[in-house]
Amino acid sequence: MKIGIGLPNAIPGRPPREIKRWAEESEQVGFHSLGSIDRLLYDVLDPLVCLGVAAAATERVQLLTSVLNVGWRNNPILFAKQLASIDLISGGRLTAGLGIGGWPDDFAISNAPANGHGRLFDDALQEMRRVWEGEITGLSGPTPLPGKGRPRLLIGGLIQAGYDRAARFGDGWVAPTFNADLLRSGVQGVNEAWARADRADRPQVITGRYFCCGPEAVELTDDYVAHYYGSKESPYYPGVRGDSLDSDERLLRELVTLSEAGVDDLILYPANSSLDQVHLLAETLERVGARRTPTFEFTAAGAPSN
């Protein structure tokens, strides 16, 4: 399982100009990927802009999203051009995890349809692929073309239609940021969808978890998760907070669980935007048995026994 780190763009009060330095130092210390999450009505710097910054500031680290929301982005042609631009600037390092989106306020403010999201998602994915293959052109030709098979796509979703969509349009599946049981059932579902589609490859599975390191890790994680989901009374708070990582022991336990469940890429999203979190996480990963070869990887078989 390859291990990446999330950009701090979704943390209220983060120093915006440190996005570039966060990306640079994450690559230097050995994270395999840089990730970004997406939301409209929240204090989050636009993930496409931040990924563009990261693409220009780095050379090797992969760029992943888990996920970008397609449901309320009403122009798939523009969205396809934006993703192609990031992929080209990065030299082909973008893997775009895409989902419908789950925050009702984001849909309402965007005047997005209230129903039929699955069909609209399928239509958007078809249009985006046509853009990337140069089929949609104007008087002076197509938009920037990222190259055959690029950018790579991973599809989120927790029902059969989502697994089938991943097998039809994508290179793999994005699991939610909590609940190992949902992850295991999703891995089974997407593998079965791959078999029904007679795919010769295997699906890439990615997921994310929130983390925080240091003496105030518990309190900072409590506050961030509660803020992001509205309050500690949110129905999502217990599950997300329960799977957030605020100690060596919790990190090791979750790494073993996710590795054994079949995760290929894990993105650890920060609950604190202090730049020292990049280095503290790298040190913590090494303490719990992750290896830099040359980027961070973890296998349950190589985990410490105590």
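Mind listing which trypsin sites (Lys or Arg not before Pro) in the stretch 1-105 are in a DSSP loop and have 13 or fewer other Cβ atoms within 10 Å?
Numbers: sites: Lys2, Arg17, Lys20, Arg21, Arg39, Arg60, Arg73, Lys81, Arg93; in loops: Arg17, Arg39, Arg60, Arg73, Arg93.
Here the sparse-neighbourhood loop sites are Arg17, Arg60.
Among DSSP beta bridges lying fully in the chain, give the percent that are antiparallel, nearest 5.
Antiparallel bridges: around 15 percent, rounded to the nearest 5.
Charges at C-beta only: +1 for Lys and Arg, -1 for Asp and Glu. How large is the resulting dipole of the chain about its Cα centre, in Debye rounded to 20?
I would put it at about 820 debye.
With springs connecting C-alpha atoms under 10 Å apart, model the chain as a Gaussian network and identify which of Ile19, Ile109, Ile100 has the largest mean-square fluctuation.
Of Ile19, Ile109, Ile100, the most mobile in the Gaussian network model is Ile109.
In Å², what does the accessible area per residue of the chain work out to with a 1.4 Å probe?
Values: 13340 Å² over 306 residues.
The answer is 44 Å² per residue.
So how far, in whole Å, is the C-alpha centre of the stretch 121-161 from the one of the stretch 10-30?
29
Name all residues of the stretch 250-267 having a backbone nitrogen under 14 Å from the label point set 7 Å from the Cα of Ala300 along its Cα→Cβ direction, giving them as ranges.
From the stretch 250-267, the list is 252-264.
Counting only protein heavy atoms and using a 1.4 Å probe, what share of the accessible area of the chain belongs to carbon plus sulfur, as a whole percent?
Taking all protein chains in place, the chain shows 52 percent carbon and sulfur surface.
Given (1) 48, 44, 38; (2) 60, 43, 42; (3) 65, 48, 35 as candidate values of Cα extents along the principal axes in Å, which corresponds to the one derived from the coordinates?
From the options (1) 48, 44, 38; (2) 60, 43, 42; (3) 65, 48, 35, the structure gives (2).
What range in the chain is the longest one free of GluC sites (Glu not before Pro) that are in a loop by DSSP and have at most 16 other Cβ atoms within 10 angstrom?
The longest uninterrupted stretch comes out as 136-215.
Given the DSSP H assignment, sum -39500 (n - 2.57) over each helix run of at least 4 residues in the chain and divide by its residue total; what's the result at 222 nm in deg cm²/dmol, nearest 500?
Result for the chain: -13500 deg cm²/dmol, rounded to the nearest 500.
Through the Karplus equation 6.51 cos²θ - 1.76 cosθ + 1.60, θ set to phi - 60°, convert the phi angles of the stretch 167-179 into ³J(HN,Hα) values in whole Hz; use x for Gly and Pro.
Couplings: 5, 7, 10, x, 9, x, 9, 9, 8, x, 7, 7, 6 Hz.
The values are calculated or read from the model by the stated rules, or taken from the named source; none is laboratory data. Just so it is clear, the model here is predicted, and its values are computed rather than measured. All Cβ positions, glycine included, derive from the backbone under ideal geometry; neighbour counts span all protein chains shown. To get the accessible areas, we keep the full protein, side chains included, count just its heavy atoms, and leave off ligands, DNA and RNA. Shrake-Rupley method; radii C 1.70, N 1.55, O 1.52, S 1.80 Å.
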